[in-house]
Every structure is written in structure tokens, then in C-alpha cells.
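Data block below; observations after.
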Amino acid sequence: MLMKRLLNLLILTLVCAISHAQPNPVKATVEQREVNGHPDLIELVFTFAIDKGWHVYGPENDGGPIAMTFNAEKLEGAKKEGNLTLSPAPKRVHDELFDCEVTFVESSAKAIQRLRLTGGAWKVEGYLQYGACNDENCMPPTNVEFKFSGELKDSPSALPIREGTVTDKVEKPLDNEKEAIEDKQDSDSIAQVTAPSLTGRAGGESGSPLWSPVISELHALDEASDTQSRSLWGIFLLGILGGLIALLTPCVWPIIPMTVSFFLKRSKDDKRKGIRDAILYGLSIIVIYVGLGLLVTLIWGPSSLNALSTNAIFNLFLFALLVVFAASFLGGFELTLPSSWSNKMDEKASSTTGLLSIFFMAATLVLVSFSCTGPIIGLLLVDMVTSGSVIAPTVGMFGFALALAAPFTLFAMFPTWLKSAPKSGNWMNAIKVVLGLVELAFALKFLSVADLAYGWRLLDRETFLCLWILIFSLMGFYLLGWIRLPHDEDEYDDEGNVIARPKIGVTRFLSALCVLAFALYMIPGLWGAPCKAVSAFAPPMWTQDFNLNPHTVEAVYTDFEEGIAAAQKAGKPVMLDFTGYGCVNCRKMEAAVWPDARVRQLMTEDYVLVSLYVDDKTPLLETVEVTEGDGTTRKLRTIGDKWSYLQRSKFGAQTQPFYVLVDHEAHPLAGSYSYKEDVDAYVRWLESGLKKFRTPSPLPLLGGE
């Protein structure tokens, strides 16, 4: 009964954790206020509330990301007084990717534009445009619309007279929702969405079907896509692998015979009871570790799990944590929990009976084996938390616990198997050393993320590869017995003399061969070779100073309809690349994933690539007013606004990079793809869309009425 309640509680907790919604990253409000003592001055104040991990770029970003700009479309009876200012002062950093200085604000800030009234009635109408990014995605250029009017009189108290439906404070979420503009006096200058190039909810019946929303189709493909399921299955299998490795460590393997013997002696004449107790013991281990995975999800929160993967400070913490774990496995020190914890659990197991006794025994095993399992669990949780999936820690811990608990149950059911099991020995310490070096290699991956975020350029691609080559070479030398560490036990000959270089087994020799081959495989990467096996871990190719193999993929088309027409003529599917000139991670994908030979061949030979820049400031021939799905309106002034609206209205997305594969009717062929420097996953995604495009649709049945 207790076990059932625990499982129900864990399931309920997981459902609650997943149900949390991710909030909007940026909200902006605008208000007009007077300047004390200056009746002829007013200020338009834009207040930003920015989620943790996101930042909004300031007005001084020439040649870099989206700069904040104040745009007055109508300015009657007033003129600008000075430039747009930010409070507090924005941070200034040098962006290596754009090779320029950029400014940005975080958390909360105000942008202030002063206007000087020239007399009589005044009116100001326009928009403030800004760009927002985190370490993984960027939003399209976002407009905060404003319209205020009044009349300048002798008394300052008469200044803030407003007309129409404009309020002092209008909330502007990041998805560009805004109040409907009810002033009809200037409607003749605004084109409604009736042209074939801009159709949809506000466009009537003459619009092009290419712009028709396919959000539900894309959502269905995203759910059916094997990318997510493969990711979760991969995490589950990774957890099982971690559990099996933990099982072979000196802290766990010797405990199996003792535990099995205890259950068999406890049951004595009732063999079924011994088997039942062993099964409950295994289930208790699973419940404890799954509870740990749930606890991680609850502590960090679903929205935080997605942001942690590229948070620079958090990645520095993970780097330090894995270095500590590596040092422990290499023999520097032992990671142990307070002995009082395991003593109390042991007392509970002895003083209770039935299910509680077995559960406390399982808890005792978890605590006692922490010195070996702790670093493995830490590495697994780090990978799971940074995977971006809310349920990844729970899925991974279930796999880990299943692999760790299964042998206890199986050996209790079949005790004779223990006779053929390998005995404890120095081979278990070799596993710890190899794991320590693996954790050290993975620690560099997290240091690389922080290095890219801060622009230190301490760990460029060639530096990273040099360190990995060194680490895996040392691993190979250790497996060959050329290097010894503190925990390695001496071996003696028949006369009791220490053997200087003990013999190694075939398995260890073959393992050393594979590890050294992997180290040699990475050496050409120092001169620009792709090294696909490590592309998901190494820094992007653009960080490499010496590259003898430059490959770039560039789009021929930057117009949606033109690209679709070219694809129809060529008989190829279309890859839509929603990008931006100021999108940092778009550049990373183009530098780290697109140059791969397989990706490059698919994109250039089998697809028509159409890049749509959502921050293209080229003005449209006329301002266009569109109606969003919730009935609000928005003005499209630039080509970038047009492509941003296309992405949002047709595909239901608004962050970049955003890739989608479509046919000649602009219907999706596969689920969408965002920022993820995984070449193999990108190739699978491109191949899945190509396969669907080439699969003929079923012919309709022929027949009369």
C-alpha cells in the first residue's frame, strides 16, 4: 500500500511539474508623463520587464544585433529633444561574432524619449522597436506602438490631455499583441491585408493560399516526430548505461552477494517470500532515484530547464562540479555523505518490519554507495537538465535505477548465477578512472558554453580538441598500464615481488585501442576537419582560427513566394530558414552544422533554401495592417515585419533560428527544427522531409455515383 501511494505521489508531482506554463520573456509598457517645471517638455517612457536569461539590446548597436530605435511616424506640434536614453545605463561588451561593441539591458529597464512641444495642439504617433535574445534564441524585431495627443497651454496641469482610446499605460507583450487602433481618421493610408502576398485573417478571400496557417499540421508533425521520442529514448538508454556502469563500481558490486544472501536467509523455507522481498527491494531503489529526478524538475522548474542549457553562470557551475567529480574518481579524494545518514537508515531498517524495512534497506544502499554512484548520477543529471526536456531527469533516473536494481532481483531469483559473476578486483578501479577522465572531458563542454557566452575566446575549437586529444590519449595509456594512479593496487608474482607492469586482459587492450583511435580521429580537426563524432560537443567552427576546409551554405532566395516558385520549377521541396542579421545562434548553426558534408549536400542539391530575415529593415511599398489570431491589429512596415508575421501566423512560432520544410503548397513535410548543434539530428530531419516529399500521395478512388 505504501509503495502504491509513493508511486501515485510521484506521478502526480510529475504532472504538476509539466503543467507549468513558460511565461513571456519580455513585457513592455508605454506611458506619457510631463517634465516638472517644463510645460513645453514631455517624455515617452517605455518600461521593460525582462525574464532572467534574456536581454534587450540598446540603441547603440551599429552593425550588430537589433538596436532599439524610436520611430515617430507622425510628429505634429512637437519635435524630438535629444536621443533615446536607457535607465539604468546598458552593459557594454565586445561581441566577437559581430566584431563590434554591443549594449543591452537585463531584468528591468526604462527607455525614455523627450519631446519638446512647439505650441498649440500636438500629436505623436509611431513605435519603439527593440530586439531581445537569450543564449539560445532571439525574438524578431518587436514594436511597441504609441499614440498620444494634447494641447500646450500656459498651465502645466493642462498639458496631458489625451484623446481617442489611448491610455496612459498600454501593455505590450513580446508577441506584439497591442490594443486595436480605433482612430479611423488616417485609415486611408493603411492598406488592409488583401494582397496575395499578405493574406489570412484580415485579408478577405483574395489572398494566396501559401499564407494559410498550418499551425495544427506542424504541431502534429512535431508531436509525431521521432526527434523528441528519440531524445527521450536516448536519455533513458543513457540512464541504463549509467546504472550498469555504477553497478560495476567497488561501492555496489560487492554488495550484491551480501544482499542476495540476506534475502535468502530471511525467507529460509519460503523461497517465494525471498523473491518477493528482492523485487520490492529493487522497486524501492527505483522509487528513490525516480523521486530524485522529480525533485530536480521541481527545484529548477520546467521553464528554467530550457534556459539552463545555455546559461553561462550555470554552465560554469557544471564545469566546476564535473571537475570535482572527476578528481574524486581519479583518486584525489572520496565523496561521501555523512555517516550518520546511513547509520540512521540502517537503524530504521533493523527496527521496522515488512515493506518499510525493505525500503529503508534500499535507502541505505543509495547512501552507502554514493561515493561511486554520486559522480555518475551528477553527470547524468547534468546532461538531462541541459537537454531542455522537462521530464528528462525523471526518465533518465528511471533508466539508471532500473539497471542498478535489476541484478539484485535477478540474482535473488536465480542464486546460482552468482557463481559465474566476476569477482571484485582492480578492474573496478579502472572503470572509476575511465569515468573520471570522461567527466573531465564533458566538463570542458560546459566551460565552452560559458566561454562563448562571455566572449573570452579561451576555449576555441582547436584548443578544445587539443584538450580532448590529450585526455583520451591519457585514457588509452592508462588502460595499457603505462600510467598508474593512487587507487591502483599492486600485483605480485609467485615470489611476492611487485610486478612493475602487470599484464592486461584482451578486453582492456581492445578498449585502449578504441580510445587511442578516437584520439587520433580528432587530430585532423585541428586543421578544420569536421570531426562529426564530436561536433555536438566542440565549439563552433567559426571559433577556429586556422581552417583549411571552409565550407559555407548560402540561400539563393530571400523571398517566400519567389522561393516557392523556384522550388516548383526545380521539383524540389523548400527549406524555410527564419533568421535574422542579429541572430547569434543562427550564425552558430550556419557555422557548426551547415558546413557538414551531408548537410551541405542535402541543402544545396535536394532542397531550395529560402532565408527570411525577420530584422530586414527594408520598408514595404506601403504600411500594411494585419489582424492577429486574437483579433488585435499590428502594422507591418518593413520586409522583416512581413516575414515575422508569416512565421507567427502561418507556423505559430516567433523565435529564431527556426527551420521548417514545406512542399510546393507550403504545407510542412516534417516537424520544425530550432537551435541544436547536432549534425546527425539535422541530417535525420532533412532526410525525413525529403522522404515524405518524394512519397507519392494516394490516388483518389475512381467511380461514379
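Quick notes
- Residue list for segment 251-279, restricted to those being surrounded by 20 or more Cβ atoms within 10 Å (Cβ to Cβ), at pLDDT 75 or above and in a helix (DSSP H, G or I): Asp277, Ala278
- Residue match in segment 41-48 (condition: closer than 28 Å to Leu646 by Cβ and in a loop (DSSP other than H, G, I, E, B)): no
- Hey, Glu60 crowded, with 16+ Cβ neighbours inside 10 Å and touching an Asp or Glu at 6+ places or on another chain (Cβ under 9 Å) or not: yes
- Qualifying strands (runs of 3 or more DSSP E) (wholly inside segment 119-177; at least 2 residues being out of contact with any Lys or Arg (no Cβ under 9 Å at 6 or more places or on another chain) and modelled with pLDDT of 50 or more): 120-130, 142-152
- Residue check, Glu554 part of a loop (DSSP other than H, G, I, E, B) and either surrounded by 19 or more Cβ atoms within 10 Å (Cβ to Cβ) or modelled with pLDDT under 95 (or both): yes
- Residues that are charged (D, E, K, R), surrounded by fewer than 14 Cβ atoms within 10 Å (Cβ to Cβ) and modelled with pLDDT of 75 or more within segment 407-465 comprise just one, Arg457.
- Condition met for His94 (at pLDDT below 85, under 25 Å from the mean Cα position of the chain (by Cα) and over 30 Å from Pro393 (Cα atoms)): yes
- Annotation: of all residues in segment 656-697 being in contact with a Pro (Cβ under 8 Å, 6 or more places away or on another chain) and among the hydroxyl-bearing types (Ser, Thr, Tyr), the one that is surrounded by the most Cβ atoms within 10 Å (Cβ to Cβ) is Tyr675.
- Considering residues of segment 315-364 that are of a type in the set (Asp, Glu) and outside any loop (DSSP other than H, G, I, E, B) only, the residue modelled with the highest pLDDT: Glu347
- Of residues in segment 63-79 being modelled with pLDDT of 80 or more and in a loop (DSSP other than H, G, I, E, B), the one surrounded by the fewest Cβ atoms within 10 Å (Cβ to Cβ): Gly77
- Within segment 482-512, tally of residues that are among the small types (Gly, Ala, Ser) and at pLDDT 85 or above: 2
- Residues in segment 1-53 that are within 29 Å of the chain's Cα centre (by Cα) and modelled with pLDDT of 85 or more: Val26, Lys27, Ala28, Thr29, Thr47, Phe48, Ala49, Ile50.
- The numbered conditions (1) more than 27 Å from Glu73 (Cα to Cα); (2) in contact with a helix residue (DSSP H, G or I) (Cβ under 8 Å, 6 or more places away or on another chain) are all true for Gln654 except (1).
- Of all residues in segment 642-659, those that are farther than 14 Å from Gly671 by Cα have Cβ atoms under 6 Å from Cβ atoms of residues that are of a type in the set (Gly, Ala, Ser) and surrounded by 22 or more Cβ atoms within 10 Å (Cβ to Cβ), 6 or more apart or on another chain, in Gln656/Gly580.
- Across segment 557-595, the number of residues qualifying as closer than 26 Å to Gly131 by Cα, in a loop (DSSP other than H, G, I, E, B) and not charged (D, E, K, R) comes to 7.
- Lys691 satisfies every condition listed in (1) out of contact with any helix residue (DSSP H, G or I) (no Cβ under 9 Å at 6 or more places or on another chain); (2) basic (Lys, Arg); (3) assigned to a loop (DSSP other than H, G, I, E, B) except (3).
- Considering only residues in segment 521-551 that are under 15 Å from Pro595 (Cβ atoms) and in a helix (DSSP H, G or I), the one that is modelled with the highest pLDDT turns out to be Pro524.
The values are calculated or read from the model by the stated rules, or taken from the named source; none is laboratory data. Values in this document were obtained by computation on a predicted structure and should not be read as measured data. Neighbour counts run over all protein chains shown; Cβ positions are idealised from the backbone, glycine included.
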